[in-house]
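Okay, structure first, notes after.
The values are calculated or read from the model by the stated rules, or taken from the named source; none is laboratory data. Since the model is a prediction, treat every value here as computed from it, not as a measurement. Cβ sites come from the backbone with ideal geometry, for glycine too, and all protein chains shown count toward neighbours. Remember, those area values only see protein heavy atoms, side chains included, never the ligands or the DNA or RNA. Shrake-Rupley method; radii C 1.70, N 1.55, O 1.52, S 1.80 Å.
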Amino acid sequence: MSTGDSEQLRACASARTLASSFQQTFSNLTAQRGRRTASTLLIASLMLGVSSAAVQAAGEGEPKASGDQAVNELLMKKLQAMERRMQAMEAELKQKRAQDQANAKQAPQNNGRPGVQGQPPQNQPRGAYAQAGAMDKTQSAATAPNKDNANKDLFGVAASPVPGLKIGMYGEIKFGSQQNPAAGGQWQNGFDMGRLVLLPTYQVTDNIIFNAEIEFEHSGTGFDNDDKLHGTAEIEQAFFDLRVNDYFTFRSPGVDLVPISFNNLYHEPTLFYSVQRPELANGLIPTTWVAGSTGFYGKIVDGLNYQFQLSQSAEDFGDDFDHRGDDGRVIPGGYAAGVNGADALGLTHAPLGDFRQLSNTIAYTGRLSYTPSFIPGFAGSTAAYYSPNITPRGAYGDDGTFLSKNSMLILDTEARYRVPNTGLELRAEYAYVRFGSPENLRANNDTDDTNNVGKTMYGYSGEIAYHFPLGNILGSDWEAVPFYRYTRQNLQTGGMFGIDPNNPTGSGDQTYHHVGLAVFPNPSLVFKLDYTKIYDKSPTGPQSDRVLGAVGWLW
């Protein structure tokens, strides 16, 4: 075999190998990308043409001796050109993939909550499939998921090493000065590591999602039973969503938020502008209100969604586990009320740990959420909660009277409106609570008339805010949102019943004026500063004004 033959055979083999390698590489790369650009196809065609030409040139028979060197040089140049084009194409595709990943990381991760731009809600809940800037937890899937969405529609801002698993987080740190009514209204400074919450979510299949929320409150060093004010760690959510279609998703038995009030469902610090949560969410709706529950939700029509939940009933019991007997009854010797004229429903949560509930009662909650297309920028919801009986087993008055059943009804409606093409945002809410037999409430039978409760409680609020862009600072677009919120609530309406004197103190008749500024370096981060002026009708007034600042985040 001549030297020319050897060179041609080696060139032919190299051409075939390189062509095969290119075809395999190109196939792998294009399989990873669902779409190919015209320029990529053109490069591929050119390279395949070069490979074919090289092979044909090497197999056309033995060239003349005088042309061997020229043919070999031409063949090698073409092969080298093809290799360079392959490398260029691979580099281009890698660059595009890197850019796509970077864009995904930079996109606001709302995790089923609204961004600070006030976009209309899409009626989706936290977890499940609620990544697309939704503002509502009544439905966890605006569109059906598919395999391409795996590990994309869940919490978190970074790629997960475990397919299907994401971990998000929210938290807030508070500081400032406020009056202490226990010290005669003296102003006292303070600091509170308010909460740090982990949000693990796992996509079991395209239509089965596990969602959880692990919360550490007030530095997470709980030392009192049932006392979140002194710090605790707790499971706030843990359930599976099994999605059938857009119209029906079953939520498995687990720990879940009671679907009443926007602020109970969306209580993350980037989603309200004040340092403390809105006042109606601190008692009339005992945010964060979670319970052992199950239910289902879905879409009725575009822009209208529903949710229905069965849950462990709230309890008119506000004491610790030492006052829960092993027989499932309240122990003798006195206990704190769950419903009272100072905290409203703030202490009525049923426990989540162990079988220590004091009632067999199941409560029912229904919610409608809506984003009508004919009012761009508007979103709202209406919900009702009903428990046939919130009286715990063995409930009694201080005179030894046995306290019988007492039903509780809660109605809530709220609305949010971001005026299109402006920075103006408006919010409003109304909450109403009614007791079937208030004479059976513990607060009305504990010989303390300062916490008495009437037949009803109610409250309403209105808020106005304006979004001002501040320009690009430190690599992101900042926004300032000054706001004012007015709140009026009455926790001690007339018609007291029970053994206690019918003697409202006026402390439950409250008015709040809230003014402040929230600055967002990014939709996932906020700095807050506000002042709250509080009035009530007690002889001394509430003596609870405050000036507070905070740092909050959500991703």
Condition met for ASP545 (modelled with pLDDT of 90 or more, more than 30 Å from SER476 (Cα to Cα), of a type in the set (Asp, Glu) and open to solvent by 20 Å² or more (accessible area, probe 1.4 Å)): no
Based on what the data block shows, is ASP224 at pLDDT 95 or above, open to solvent by 10 Å² or more (accessible area, probe 1.4 Å), more than 18 Å from GLY366 (Cβ to Cβ) and not hydrophobic (A, V, I, L, M, F, W, C)? no
Pick from segment 484-503, criterion in contact with an Asp or Glu (Cβ under 6 Å, 6 or more places away or on another chain) and hydrophobic (A, V, I, L, M, F, W, C), ranking: modelled with the highest pLDDT: ILE499
Filter segment 373-404 down to the residues that are under 22 Å from the mean Cα position of the chain (by Cα) and more than 25 Å from THR287 (Cα to Cα) and list them by number. GLY377
Residue in segment 235-277 that is farthest from ASN207 (Cα to Cα), counting only those that are in contact (Cβ under 8 Å) with a residue 60 or more places away in the chain and surrounded by fewer than 18 Cβ atoms within 10 Å (Cβ to Cβ): ILE235
In segment 314-356, what count of residues is obtained for those that are farther than 29 Å from ASN490 by Cα and assigned to a loop (DSSP other than H, G, I, E, B)? 13
Among the strands (runs of 3 or more DSSP E) lying completely within segment 373-478, list those that include at least 3 residues that are farther than 22 Å from PHE308 by Cα and open to solvent by 60 Å² or more (accessible area, probe 1.4 Å). 456-466, 468-473
Give me the pairs: first residue in segment 510-536 and within 16 Å of PRO469 (Cβ to Cβ), second residue assigned to a strand (DSSP E or B) and among the hydroxyl-bearing types (Ser, Thr, Tyr), beta-carbon distance under 7 Å, and six or more apart or on different chains, which are they? PRO521/SER476; ASN522/SER476
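Okay, residues lined up against (1) within 29 Å of LEU403 (Cβ to Cβ); (2) modelled with pLDDT of 95 or more; (3) not hydrophobic (A, V, I, L, M, F, W, C):
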site	(1), (2), (3)
GLY231	no, no, yes
GLU236	no, no, yes
LEU242	no, yes, no
THR270	no, yes, yes
PRO278	no, yes, yes
ASN282	yes, no, yes
ILE285	yes, yes, no
PHE308	no, yes, no
ASP316	yes, yes, yes
Does TYR430 fit the bill of being farther than 23 Å from LYS174 by Cα and modelled with pLDDT of 95 or more? yes
Please find, among THR391, THR365, the residue that is in contact with a helix residue (DSSP H, G or I) (Cβ under 6 Å, 6 or more places away or on another chain) and at pLDDT 95 or above. THR391
Filter segment 337-372 down to the residues that are over 22 Å from ALA314 (Cα atoms) and surrounded by fewer than 19 Cβ atoms within 10 Å (Cβ to Cβ) and list them by number. PRO372
